[in-house]
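Colleague: One structure, as structure tokens, below. Some questions next.
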Amino acid sequence: QVQLVESGGGLVQAGGSLRLSCAASGIIFSVDAMVWYRQAPGKQRDLVAIISSGGRTNYEDSVKGRFTISRDNAKNTVYLQMNSLKPEDTAVYYCKAEGVLTRLLSGRKYDYWGQGTQVTVSS
């Protein structure tokens with residue numbers, strides 16, 4: 001069974017920084033992409049940043065230039081460095097591992113979600 005555990009959330013003032021981590025554990029042969037989403041109260045869950053197994057990244061427009069996603073493939077861990085935080089960044093942040101191969105011979109891949117970590121930015 002694959003589990004994703006996020007950490008690093010908290011309360012920060014506007015203009016501050018936080019670094020989120022998400023570690024995947026279990027029997028994992030490969031992960032296609034790791035993704036950060038966020039969900040503010042009363043809103044849908046939106047993609048924030050994505051990184052492929054090869055290191056290609058993409059960001060939601062409002063975080064470009066402020067957030068940086070990175071991953072350590074050997075540790076199956078993804079990070080989200082968040083700088084210049086704004087009150088509108090307040091949300092629960094979730095990580096998702098996409099295309100996880102857990103049984104080498106089957107070739108089947110699955111997606112897994114973390115439990116979320118709260119980020120609150122005060123004005």
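The values are calculated or read from the model by the stated rules, or taken from the named source; none is laboratory data. None of these values were measured; they are calculated from a predicted model. FYI the Cβ positions are ideal-geometry reconstructions off the backbone, even for glycines, and counts take in every protein chain you see. Surface accessibility is based on the protein's heavy atoms, side chains included, excluding ligands, DNA and RNA. Shrake-Rupley method; radii C 1.70, N 1.55, O 1.52, S 1.80 Å.
Colleague: Can you pull out the residues in segment 18-52 that are under 29 Å from Ser106 (Cα atoms), open to solvent by 50 Å² or more (accessible area, probe 1.4 Å) and touching a Gly at 6+ places or on another chain (Cβ under 8 Å)?
Modeller: The answer is Asp32, and nothing else.
Colleague: Among (1) over 17 Å from Trp113 (Cα atoms); (2) of a type in the set (A, V, I, L, M, F, W, C); (3) open to solvent by 30 Å² or more (accessible area, probe 1.4 Å), which single condition is Val63 missing?
Modeller: Result: Val63 passes all but (3).
Colleague: While we're here: Taking only segment 76-113 into account, find how many residues are closer than 21 Å to Ala40 by Cβ, open to solvent by 10 Å² or more (accessible area, probe 1.4 Å) and not in a strand (DSSP E or B).
Modeller: Counting residues in segment 76-113 that are closer than 21 Å to Ala40 by Cβ, open to solvent by 10 Å² or more (accessible area, probe 1.4 Å) and not in a strand (DSSP E or B) gives 6.
Colleague: Which of the residues spanning segment 82-100 are of a type in the set (A, V, I, L, M, F, W, C), farther than 16 Å from Thr120 by Cβ and modelled with pLDDT of 95 or more?
Modeller: Passing the criteria: Cys95, Ala97.
Colleague: Name the residue, out of Arg66, Arg56, Arg19, Arg38, that is closer than 17 Å to Gly99 by Cα, among the charged types (D, E, K, R) and at pLDDT 95 or above.
Modeller: Unique residue meeting the criteria: Arg56.
Colleague: Quick one: what pairs do we get from segment 28-45, first residue in contact (Cβ under 8 Å) with a residue 60 or more places away in the chain and within 20 Å of Asp72 (Cβ to Cβ), second open to solvent by less than 30 Å² (accessible area, probe 1.4 Å) and charged (D, E, K, R), C-beta under 7 Å, 6+ apart or different chains?
Modeller: Listed by first residue and then by second, the contacts come to Val35/Lys96.
Colleague: How many residues are within 14 Å of the chain's Cα centre (by Cα) and touching a residue at least 40 places away in the same chain (Cβ under 8 Å) when one looks only at segment 90-120?
Modeller: Selection size over segment 90-120: 16.
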